[in-house]
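The values are calculated or read from the model by the stated rules, or taken from the named source; none is laboratory data. Computed from a predicted structure; not experimentally measured. FYI the Cβ positions are ideal-geometry reconstructions off the backbone, even for glycines, and counts take in every protein chain you see. Heads up: the accessible areas ignore ligands, DNA and RNA and are worked out on the full protein's heavy atoms, side chains in. Shrake-Rupley method; radii C 1.70, N 1.55, O 1.52, S 1.80 Å.
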Amino acid sequence: MQVIVFMYVIVYYIALFSTSGQTEMVVSSFFSLGGICLSAILLWRASIRIKTNERIFWKWMTIGAICYLIAETIYRIYEWSSQTEPPFPNWSDVFYIAHSLMYIASLLYIIMQQRKQIAMWQALFDALIVTCVTMAYSWIYIIQPIIRLEEKVLYVAVLVAYPFLDLVMLFLLLLLFFVTNVRRIWLWNIVGVGLFVFTDTIYFIQMMQWNDVYSSWLDPLWMMSLLMISFSSYDAKEGELSFQKEEQSFHIKVFFPYISFLALMWMPFIYLGDQIVITCFAFAVVFIFIRQFMTLKENRQLVQQLQTLNNDLEQKVMKRTQELTQLNEQLTYAANHDFLTGLFNRRAFVTALEQSIAQANKQKHSMAVVFIDVDRFKQINDYFGHEIGDTLIVQIGQWLKKQVRSTDIVARQGGDEFTIIVTPIYHLHELQTIVEKMMTITEQPMTVKHLDVRITLSVGIAVYPFDGETSDTLMKHADIAMYRAKEQGKNQYQFFNSEMDRIVLQKTIIETALHEAIEKKQFTLFYQPQFDVQTKELIGMEALIRWIHPKLGTISPSVFIPIAEETGQIIPIGEWVIEEACRQMKNWNEQTGRSLRISVNISPKQFLKENFVEHIHSVLQNTPLPPHQLDLEITEGVAVFNEQYTIHKLQQLKQLGVHISIDDFGTGYSSLSYLRKFPIDRLKIAKPFIDGMTEEKEDVAVVKAIIVLAKNLKLRVIAEGVETLQQLDILRSLQCDEIQGYVLGKPLPADVFEKTYIKNQLPNE
């Protein structure tokens, strides 16, 4: 953009110096009016484009450019018509002065809008100092000669107005120069207005020195100043007129007022009697002293503020350090303590245990890790609510702390589990005494919010160094002992021994091997025949799962079934058993043309699964086995899980057409009323009653009562585990319907069972 301005002025000068007379007048008018029109258009576009309050600045600037265009037009029209310059003053001077006033108004508007953003006083005094210097020179070379002219008052007033307005514009520009970072817009304006004032000054000096003024060579400079001002609006954006205090002042800004004052110092000696010069000099000196005084005062205040800020900062740093220290202490406490009970948490317990082991090793004494679990706490939580449960946990923690010594450490592992480090131990009876004191919690109920709650504890103990020499080993062994206490009936304590570790290891190995067994189908089914007691006819068989591991050999169902129940692996195992048994039963019935029945044991977890009925229906369709040839055996424990849920699911199974049997009847805890409510077909008398029939009359009475009850309810009865002929005779005399046991047939693989019972005649007694 600078190139355009300079090229325009150069072309203007070339045109002036290469023409003369009427042609020179036309060229001068063309370039002058064209440049002013371009200037007005650029400023007008900025006033429309900017939407904030800054548009007012550009509007004033636009009005000023229009005023200058009107003035220049009047001047040129008179010049064309009279072939000479118009008399002074004339109407063009009114609009020239209006242009300066509009520009001053726009600068004042910006300064007033931004006055709160800057420290104005330093810039104000800097501008006043430079203005005093400029005013002295203007007085000597411009204003004083004008005043001495013997002309009319209007002539002198208009003539003085030009340098006066130039001084005002110069003062405002100096003020902007000293208070702002010189951006692109302000740079164009400062240079443009500076050139305008310079050109006016040259014009008046020339006019005072020579009566015949040739001003054509100054016209391009005026035009150049107007274009510079207008080109500042070319790419103007919102917010570009805001003031920004620069971080470090330029040296030129700091020293410029004082350097300009040097140009004034010689004038009082030359113009000793001139009061205006003396006054400008005096005011400049006063302004310098005031500025320096205020600068020193401000520096002193800044030093005091800095000292105050440093003191405040030190206090804030000290306060913040204390807060951070307290916060770190709180975080450390929270990281190492249980939020509910305030006891050590697992992390802190492990750290304390490692320290206790190191101390026990150094001082050659024993110590123990005690794991404690609150029996049936889940039922307490579910029944009374979590608030009561949490309060109970807090009371248990406080009670445990009272039972141990000051050297012992009580921690909460989480949930309803606590751990204790008992150290030091010099005699095992010390440890036993402490544990037995813990177990006395069962002697009286604990009062929790007006409720009396009785609790029992299962406790496991591992002793250092006999049961382990590391924190992980001791905690693992104490945990194993605690679960052993639970398995033994709860409300007791168990010391760890190597047998417990072996059992846990065996369970882990079997649990891991079960995953592979399910994937590779390592299971097989054995079948045990079931006979009608009176006719001795084969009426069905029970499918019994067997696991023959390629490395571990045959694994008893009594070993892996409980583990599968605990881990949930019993569900895919049970589904496979049903599918395989139904497929085999369909095959045998097609071979014999008979309608034998297959019995399958159903796991509680399998029965309670949501899609259990759908799975049975799918198996019967895919086999396809007639539903009445499938007998599902459920335990009494399943029956009492949820009465309405169980009844609903059994009714769904009955709608499919399958038979339902209650397995191990008499050993569970179900109510006899369930026999009337549940849609079942058979009762299976538990083996313990069958075993005792030949020795205990009471067992015979129980079996007889079960058979009578079943017949009154129109249910069939099957006795399992019949191993002797004497047992068989008793059952026949009691009119038992069906029998299953070694006396008539052991569980056999499918191929052997087929040869023995499917293809051959039934054996005689």
- line: Yeah, segment 297-433 with a ≥ b ≥ c from its alpha-carbon gyration tensor (a/c under 1.5 is rounded, else prolate when a/b outruns b/c, oblate otherwise) is oblate
query: If we sort 226-236, 372-382 on the protection proxy, mean other Cβ atoms within 10 Å, highest first, what's the order?
result: 226-236, 372-382
Karplus-derived 3J(HN,Hα), 6.51/-1.76/1.60, for each residue of segment 529-542, Hz, glycine and proline x: x, 10, 10, 6, 5, 7, 9, 6, 7, 5, 10, x, 7, 10
query: Given segment 456-601, what percent of its DSSP beta bridges are antiparallel, to the nearest 5?
result: 60
task: Provide the solvent-accessible area of His427, counting protein heavy atoms only and rolling a 1.4 Å probe, rounded to the nearest 10 Å².
output: 110
- request: For Lys490, list the aspartates and glutamates whose Cα falls under 16 Å from its own Cα; do not include residues on the same chain fewer than 8 positions away.
  value: Asp373, Asp375, Asp416, Glu417, Glu436, Glu443, Asp479
- prompt: How much length is gained if the chain between Gln444 and His648 is pulled fully straight, taking 0.36 nm per residue apart and subtracting their Cα-Cα distance, in nm to one decimal?
  reply: 69.2 nm
field: Calculated FRET efficiency for the pair Phe339/Lys490, C-beta based, R₀ 25 Å, to 0.05
entry: 0.35
Cross-link pairs Lys551/Lys755; Lys536/Lys755; Lys684/Lys755; Lys378/Lys684; Lys520/Lys687 - those with Cα-Cα distance over 24 Å: Lys551/Lys755; Lys684/Lys755; Lys378/Lys684; Lys520/Lys687
- request: Starting from the amide H of Asp408, placed 1.01 Å from N in the peptide plane, find each other amide H under 5 Å away whose residue is 5 or more places distant or on another chain.
  value: Thr423
field: Estimated distance in nm for a label pair at Asp452 and Leu505, the labels positioned 7 Å out from Cα along Cα-to-Cβ
entry: 4.8
query: Hey, what do the phi angles of segment 94-108 turn into as Karplus ³J(HN,Hα) couplings, whole Hz, using 6.51/-1.76/1.60 and θ = phi - 60°, x for Gly and Pro?
result: 4, 7, 4, 5, 4, 4, 5, 5, 5, 5, 4, 4, 5, 5, 4
Calculated FRET value between Phe30 and Lys51, using beta carbons and R₀ = 35 Å, to 0.05: 0.50
task: With +1 on each Lys and Arg Cβ and -1 on each Asp and Glu Cβ, and nothing else charged, work out how big the dipole of segment 405-497 is about its Cα centre, in Debye to the nearest 20.
output: 260
Long-range HN-HN contacts of His549 with modeled amide H, under 5 Å: Thr554, Ile555
- request: Mind checking the full-extension length gain between Thr470 and Asp751? Use 0.36 nm per residue of separation minus the Cα-Cα distance, one decimal, nm.
  value: 95.8 nm
Inter-label distance for Asp382 and Asn311, nm, one decimal - labels placed 7 Å from Cα along Cα-to-Cβ: 6.8
message: Suppose the chain between Met294 and Arg347 were pulled fully straight at 0.36 nm per residue; how much longer would it get relative to their current alpha carbon spacing?
response: 12.6 nm
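Decide, for segment 257-375, between rounded, prolate and oblate: order the square roots of the alpha carbon gyration tensor eigenvalues as a ≥ b ≥ c, take rounded if a/c falls under 1.5, and otherwise choose prolate if a/b is larger than b/c, else oblate.
Taking the square roots of the gyration eigenvalues as a ≥ b ≥ c, segment 257-375 is prolate.
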- line: Any residue on another chain or 5+ positions along whose placed amide H is under 5 Å from the amide H of Val448 is listed here as Val453
Among 556-568, 62-74, the order from most to least packed when residues are scored by Cβ within 10 Å on average: 62-74, 556-568
field: segment 319-334 versus segment 369-412: alpha-carbon centroid distance in Å
entry: 29
- prompt: Peptides 79-85, 420-426, 695-701: what's the order by average Cβ count within 10 Å, highest mean first?
  reply: 420-426, 695-701, 79-85
- prompt: Based on the Cβ-Cβ distance of Tyr426 and Lys402, what FRET efficiency does E = 1/(1 + (r/R0)^6) give at R0 = 25 Å, to the nearest 0.05?
  reply: 0.65
query: If you average the sequence gap of Cα pairs under 8 Å that are 6 or more apart and divide by the length of segment 397-512, what percent do you get for the contact order?
result: 17
